[in-house]
Amino acid sequence: MARILDHVGLCFDDVLLVPRRSPIRSRKEVITRTRFTKGLRLNIPIVSAAMDTVTESRMAIVMAREGGIGVIHRFMPPEKQAEEVSKVKRAENIVIEKPATIRPDARIGEAKELMRLLGISGLLVVDSENRLLGVITRRDVIFEDDDKLVRDCMTPRSELVVAEEGITIEEAREIFRRHKVEKLPIVGEGWKLKGLITSVDLIKREAYPNASRDSKGRLLAAAAIGVREGEVERAKLLVEAGVDALVVDVAHGHSEMCIKMVRRIRELYGDEVEVVAGNVATPEGVEDLASAGADAVKVGIGPGSVCTTRLVAGVGVPQLTAIMKCSEAADRLGVPIIADGGVRRSGDIVKALAAGASTVMIGKLLAGTDESPGTIVLKNGRRYKIYRGMASMYAMLGREFRFREGEAEALLDASEYSYYAEGVEAYVPYTGSASDVIKRLVAGLRSGMSYVGARTIEELREKAIFIRVTGASLRESAPHDVEIV
Ligand code: XMP
């Protein structure tokens, strides 16, 4: 028989955090470091959503550089998604494991063409057994005849500065400083080529001191997979591309298909990759996914800005209550919670973390930035980008039908095609660079933490006291009785 829970479900707007005595003198003292999964740490608790109008490689790169992580969506062929992961992993490679090479008997014309195609400024010259013979750069070839041979124009290895395997970043930095070179090949016994470090990559690394990186210094990347049989193949390609976390991403994460997929991925890859799963909204959901092997669980059924699940299906749990209840279970099991959906401003991030989440996943606030897929559209003289729920009609029909008139209608009319969309397509204001948006959100988070007197996210949770508020106080909380300029 149906029963009714004896507690009320609350959302972010139903509460405020009570200010508390604070030892914090400057917001800079606040530490925003957190856990994304059991095995991955982030410097800021922000994750970009696995949606086709939010996260591909450009967004994932900026997210990782800022200290968070992006989840590359799965609504594209597996090979393409794996390539998006590779782009993130290559964006700031400290050691390029497979640098571009050329043979000594190739022509200069070929070398020029290869450098142009790959967008790089030099090639390593190797023999048939991958032994380093020299380096040829754009400067060496620029005024040379295309018919000449690479071996006659390269800098031979006797004149190169090279390093041995295992060199540290600090040692490489010192070599670049002392020798004023731009490329540092890494060689093993008998001049076997083992990799390459470039000064450009080291400079980029220093430009983003807060970035989320793996043990090789590469940016962190996560990617979503579904639960159907073919998704095991997708997971394989993503792991080969170097993905750090696979996110088993379905609307109803507390389903047997999802639990099975988590178990499957765990069995296949062990600790090689972190596994995130969701979405759920109950402690039982967290327990089942964590027991199947999930390293983090994503919480949120229906709070998202473009979601209509609660209206269509009548199902959901208000997000603040969902986070609080789920995090009790998650704490017992030692898995972090990702609060997914419904974050409209920085204050909501503070509330979500205070309620027990370790990170928040964001769609709408990032969808209007330069780094989200899609172009800017003009409407009534204002700039917007398109943002859509992944269960919205056009998202379900697939991108390719989006602008092919007639075909979408034909599919919708087909009697065997029956579904009810659980999301909408929307315009969101264009907001410029994602990096600026993230910085503003983090500034708000620091402010919230200092009001509560919390130096760390763990302290925020311990010290947080929520007060329930009325509709009248909600009006009092926003600017009122003024005309905003
Ligand atoms: P925000 O509020 O940041 O939420 O825009 C992003 C999250 O919304 C979820 N999502 C959906 N939920 N129908 C839903 O019920 C949909 O079509 C849909 N698309 C995305 C998802 O969890 C995302 O991270």
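Couple of notes before you dig in:
- Length released on extending from I142 to E328, taking residue separation times 0.36 nm less the Cα-Cα span: 60.6 nm
- Neighbourhood charge, 14 Å Cβ-Cβ cut-off, centred on S473 and excluding it, Lys, Arg +1 and Asp, Glu -1: -1
- The residues D370, D271, sorted by heavy-atom accessible surface at 1.4 Å with ligands and nucleic acids left out, run D271, D370 from largest to smallest.
- Net charge of neighbours whose Cβ lies under 15 Å from the Cβ of P303, counting Lys and Arg as +1 and Asp and Glu as -1: +2
- Probe 1.4 Å - accessible area at H7, Å² to nearest ten: 70
- Angle in degrees between helix 108-118 and the longest Cα principal axis of the chain, rounded to the nearest 10: 10
- Listed pairs K28/K351; K38/K98; K89/K439; K351/K439; K298/K439; K204/K463 exceeding 28 Å between Cα atoms: K38/K98; K204/K463
- Annotation for the range 286-333 versus the range 23-78: alpha-carbon center distance of 19 Å.
- Approximate shape of the chain as ellipsoid semi-axes (Cα gyration tensor, √5λ), whole Å, largest first: 45, 27, 23
- Each Lys or Arg adds one and each Asp or Glu subtracts one; over the other residues with Cβ under 11 Å from the Cβ of V126, this totals +2.
- When R383, R139 are compared by accessible area of protein heavy atoms, the largest-first order is R139, R383, using a 1.4 Å probe.
- Applied to the range 17-26, the Karplus parametrisation 6.51 cos²θ - 1.76 cosθ + 1.60 on θ = phi - 60° returns per-residue 3J(HN,Hα) values of 8, 7, x, 9, 3, 10, x, 7, 8, 9 Hz, with x for Gly and Pro.
- A helix-only calculation puts the chain at -10500 deg cm²/dmol for mean residue ellipticity at 222 nm, using -39500 (n - 2.57) for each DSSP H run of at least four residues, averaged over all residues.
- For the range 128-175 versus the range 195-247, the gap between their alpha-carbon centres in whole angstrom: 28
- The accessible surface of the chain, taken with every protein chain in place and a 1.4 Å probe, is 51 percent carbon and sulfur.
- In order along the range 431-448, the Karplus-derived 3J(HN,Hα) couplings, from 6.51 cos²θ - 1.76 cosθ + 1.60 at θ = phi - 60°, round to 10, x, 7, 4, 4, 5, 4, 5, 4, 5, 4, 5, 4, x, 4, 4, 4, x Hz, and Gly and Pro are given as x.
- Residues with amide H under 5 Å from that of S305, placed H, sequence gap 5 or more: G342, K364
- Each peptide in 91-102, 220-231 gets a packing score, the mean of other Cβ atoms within 10 Å over its residues, and the list from highest to lowest is 220-231, 91-102.
- A478 versus H7: modelled label distance in nm, points set 7 Å from Cα along the beta carbon direction: 2.8
- Our coupling estimate for the range 348-360, obtained by passing each phi through the Karplus curve with A = 6.51, B = -1.76, C = 1.60 and θ = phi - 60°, is 5, 5, 4, 5, 4, 6, 5, 6, x, 6, 8, 9, 10 Hz, Gly and Pro reported as x.
- The angle between the Cα long axis of helix 283-292 and the longest principal axis of the Cα atoms of the chain comes to about 30 degrees, rounded to the nearest 10.
- Under 22 Å from the Cα of K379 - lysines, other chains or at least 8 residues apart: K364
- I225 long-range amide H proximity, modeled H, under 5 Å: V247, V248, D249
- Take 122-130, 173-181 and order them by the average number of nearby Cβ atoms within 10 Å per residue, most first; the result is 122-130, 173-181.
The values are calculated or read from the model by the stated rules, or taken from the named source; none is laboratory data. All of these numbers come straight from a predicted model, not from anything done at the bench. Positions of Cβ are generated from backbone atoms using ideal geometry, with glycine treated the same way; all protein chains shown enter the neighbour counts. Side chains are part of the model used for accessible areas, which takes the heavy atoms of the whole protein and leaves out ligands, DNA and RNA. Shrake-Rupley method; radii C 1.70, N 1.55, O 1.52, S 1.80 Å.
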